[in-house]
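Below is one structure, written out as structure tokens; comments come after it.
The values are calculated or read from the model by the stated rules, or taken from the named source; none is laboratory data. The model shown is predicted, which means the values in this text are computed figures rather than measured ones. Because the Cβ atoms are built from the backbone with ideal geometry, glycine has one as well, and the counts that use them run over all protein chains shown.
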Amino acid sequence: MAGGELDSGAVLGDVRRLCDAPVASLVDVERVLTDGYACVLRSEDERRRLRGRLQERAVTAAGVGSGGEFVEIRALAQGIARADSEIEELRAALQTLAAKASSLRVSECAREAQARPLRTA
């Protein structure tokens, strides 16, 4: 995607579009798979970051927690849940698209084999 920052919603839309398409380019499928895996990695990194902050806040709030700290802890937990959901949704969609990529590779190899002349000894 342009701009360097991947939008997981847009990538998920691309994945679904390619999965639903009767004909798809292997190049397009592989590009979207790459973008999708990058989104998963970014979401996993965000989840790891949120978990670290949640652990820090939970420790400090354990002694004398204020209402604001508990609101922040709840927001962090919700962020982790969102990241978990996004990761799960992306992985499921990418698994389907990866199967389509495998099928396209097999078809491409078969076409190439048919295009080659048979060698005779």
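Annotations
- Qualifying residues in the stretch 49-63 (those that are surrounded by 14 or more Cβ atoms within 10 Å (Cβ to Cβ) and out of contact with any Gly (no Cβ under 6 Å at 6 or more places or on another chain)) - the one modelled with the lowest pLDDT: A61
- Put simply, of A38, A93, A24 the only residue that is over 10 Å from the mean Cα position of the chain (by Cα) and either at negative phi or in a helix (DSSP H, G or I) (or both) is A24.
- Output for the stretch 79-121, where each listed residue is surrounded by 10 or more Cβ atoms within 10 Å (Cβ to Cβ), more than 19 Å from L26 (Cβ to Cβ) and among the small types (G, A, S): G79, A81, A83, S85, A92
- Test for S43: is it among the hydroxyl-bearing types (S, T, Y) and exposed (fewer than 13 other Cβ atoms within 10 Å of the Cβ): no
- Failed item, numbered, when L118 is tested on (1) among the hydrophobic types (A, V, I, L, M, F, W, C); (2) farther than 30 Å from D20 by Cβ; (3) at pLDDT 80 or above: (3)
- Taken over the stretch 87-105, the criterion of being closer than 19 Å to D45 by Cβ and free of Cβ contacts under 8 Å to residues at least 24 places away in the same chain is satisfied by E88 alone.
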